[in-house]
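Values in this text are rule-based calculations from the coordinates and carry no lab data. Quick caveat: nothing in here was measured; it's all calculated off a predicted structure. Using ideal geometry, Cβ is built from the backbone for each residue, glycine included, and neighbour counts are taken over all protein chains shown.
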Amino acid sequence: MKRIAVLVSGGGTNLQALIDYKLKSGEIVLVVSSKEGAFALTRAENAGIKTLTLPRKNFPDSKSYSEELIQLFLEQDIDVIVLAGFMTVLDDSFCAVFKGRIVNVHPALIPSFCGVGYYGLKVHEEALKRGVKITGATVHIVTPECDGGPILAQKAVEVRDNDTPETLQRRVMEEAEWVILPEAVEKLCAKL
Ligand code: GAR
C-alpha cells in the first residue's frame, strides 16, 4: 500500500471521491490544508484520516512553504501526493523531491484554459466566455511548469447553452473529476 498525502484548500469534493473509491494500492494517511477551516478537513476527519492545517499566509514565500511540506512528507514516509483543489503553487524543489509522484486534477482539457491564473471557477468562466462546446477535466503529473506535466487521464464534458460557471463546474466535477482522479491515483500507486 502506497502512503498518500492529499493537499486541499476548499470544499474537498475530490478528496471525498478519493475516499469513497476505496483505493486498493494506496491509503490516504494525511490531509493537509493550506486554508484554515476548509470543509475538506471535516471530510477527512469523518473518514478517520489525520489532518493538518498549514496556512500558506503564515509563510513568506512559496519556497519556505514547500520546504515545510517536503520535511513533513519525508518524515511521514509519503509515497504519492495528490493536489485535490489545492490553490497554492509549489516550489520547483518540491517537484524535484517527489518527481513523478505528485498528481493534480485540473478542471479543463489541458492545454485549454490552464496555466498561471487558471484555477477553480475562473477556468469555467473563461471556457464559457470563449464559447467552447466541450470542456472536461485532466489529471496530470505535477512538474515545475504550471499544468504542464505528463497527462495521466482526461474526460470530456458537454457545455450547455444555459450553463453558468457554477453549473458547468458541477457537471465537470460529477462527470469527469470525481471519476478520473481516483482511477488515475489507483493506477499510479499500483505502478510505483
Ligand atoms: C476542482 O474543480 C479542481 O479541479 C479545481 O478546484 C476545484 C476544487 O474542488 N482545481 C484547480 O483549479 C487547480 N488548478 P474541491 O475542493 O471540491 O475538490
Given the residues Val80, Val89, which is the only one that is within 19 Å of Asn14 (Cα to Cα), touching a Gly at 6+ places or on another chain (Cβ under 7 Å) and not acidic (Asp, Glu)? Val80
Tally the residues that are outside any loop (DSSP other than H, G, I, E, B) and either away from the ligand (no atom under 11 Å from the Cβ) or not basic (Lys, Arg) (or both), restricting the search to the range 130-170. 22
Could you look through the range 3-25, keep only residues that are of a type outside the set (Phe, Trp, Tyr) and in a helix (DSSP H, G or I), and pick out the one that is farthest from Lys57 (Cα to Cα)? Asp20
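So that you can scan it fast, the table gives a plain yes or no per residue for (1) over 13 Å from the mean Cα position of the chain (by Cα); (2) more than 24 Å from Ile4 (Cβ to Cβ):
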residue: Leu121; (1), (2): yes, yes
residue: His140; (1), (2): no, no
residue: Thr143; (1), (2): yes, no
residue: Gly148; (1), (2): yes, no
Could you list, in sequence order, the residues of the range 111-120 that are more than 8 Å from the ligand (Cβ to nearest atom) and either surrounded by 21 or more Cβ atoms within 10 Å (Cβ to Cβ) or over 13 Å from Val139 (Cα atoms) (or both)? Ser112, Phe113, Gly115, Val116, Gly117
Condition (residue is under 20 Å from Glu183 (Cα atoms) and buried (at least 19 other Cβ atoms within 10 Å of the Cβ)) applied to the range 160-168: is it met by at least one residue? no
